[in-house]
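Here's the structure, in structure tokens; my notes come after.
The values are calculated or read from the model by the stated rules, or taken from the named source; none is laboratory data. Given the structure is predicted, the values throughout are model-derived calculations rather than measurements. Quick reminder, even Gly has a Cβ in these numbers, built from the backbone with ideal geometry, and neighbours come from all protein chains shown. Remember, those area values only see protein heavy atoms, side chains included, never the ligands or the DNA or RNA. Shrake-Rupley method; radii C 1.70, N 1.55, O 1.52, S 1.80 Å.
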Amino acid sequence: MRFGVVVFPGSNCDDDMVHVLGTVFRRPVEKIWHKQDHLHGYGPGDCLILPGGFSYGDYLRCGAIARFSPIMKEVLRFANEGGLVIGICNGFQILCEAHLLPGQLLRNVGEDFICRNIHLRAASLDTPLTCRLDPNNAYMIPIAHADGRYYTDEKTL
């Protein structure tokens, strides 16, 4: 599996992703600048990651401007052809804004920025990201966001 990490103005965690994927997991990885209008050599067995950060400063809605970057047409094509796409933090918001994911992210209750560890259990083991998880284990993950309430219709949930 080959990885591409899409970088937008204001992204952060992109270097962290490249380090973990390339150095820790020893997988082929490259940065992909958001102005590129092509993805050379990426196919259904590969993965694109949209990392966190403050794309374009988040002046409108997180990810609302980033969804119009040239690379997003290729990300949409890649996903529609069966490629794995992961959105982390504002990368998840970009995927919602680009309509790759249904729904939207709303401001936290009280409009506070939240930064803490939470525990999650896998609701399904039928995905490439959860297939090896123990469904009885609650995994601790860090969260840090102001727009952390994912909203979509009941059928999608």
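Just one of the listed residues (LEU21, LEU39) is assigned to a loop (DSSP other than H, G, I, E, B) and either open to solvent by less than 40 Å² (accessible area, probe 1.4 Å) or at pLDDT below 90 (or both), and it is LEU39. For the range 72-104, a tally of residues being assigned to a helix (DSSP H, G or I), open to solvent by 30 Å² or more (accessible area, probe 1.4 Å) and either touching a Phe, Trp or Tyr at 6+ places or on another chain (Cβ under 9 Å) or of a type in the set (Ser, Thr, Tyr) (or both) returns 2.
Scanning the range 105-157 for residues that are open to solvent by less than 90 Å² (accessible area, probe 1.4 Å), closer than 19 Å to GLY91 by Cα, among the hydrophobic types (A, V, I, L, M, F, W, C) and out of contact with any His (no Cβ under 9 Å at 6 or more places or on another chain) yields LEU106, ILE143, ALA144, ALA146. Scanning the range 105-157 for residues that are in a loop (DSSP other than H, G, I, E, B) and in contact (Cβ under 8 Å) with a residue 40 or more places away in the chain gives ARG107, ASN108, PRO128, LEU129, ASP147, GLY148, THR152, ASP153, THR156. Scanning the range 126-143 for residues that are more than 19 Å from the chain's Cα centre (by Cα) and not basic (Lys, Arg), we see that the one that is nearest to GLY45 (Cα to Cα) is LEU133. Per the conditions (1) in contact with a strand residue (DSSP E or B) (Cβ under 8 Å, 6 or more places away or on another chain); (2) buried (at least 16 other Cβ atoms within 10 Å of the Cβ); (3) modelled with pLDDT of 95 or more, the sole criterion not satisfied by GLY52 is (3).
On the stretch given as the range 24-36, residues that are part of a loop (DSSP other than H, G, I, E, B), within 25 Å of PHE68 (Cα to Cα) and over 15 Å from the mean Cα position of the chain (by Cα) total 2. The residue of the range 1-18 that is most open to solvent (accessible area, probe 1.4 Å), among those that are part of a loop (DSSP other than H, G, I, E, B) and not polar (S, T, N, Q), is MET1.
Here ILE32 fulfils each of the conditions (1) at pLDDT below 95; (2) open to solvent by less than 40 Å² (accessible area, probe 1.4 Å) apart from (1). Whether a residue is of a type in the set (S, T, N, Q), modelled with pLDDT of 85 or more and farther than 26 Å from ARG116 by Cβ was assessed, and GLN93 does not pass this test.
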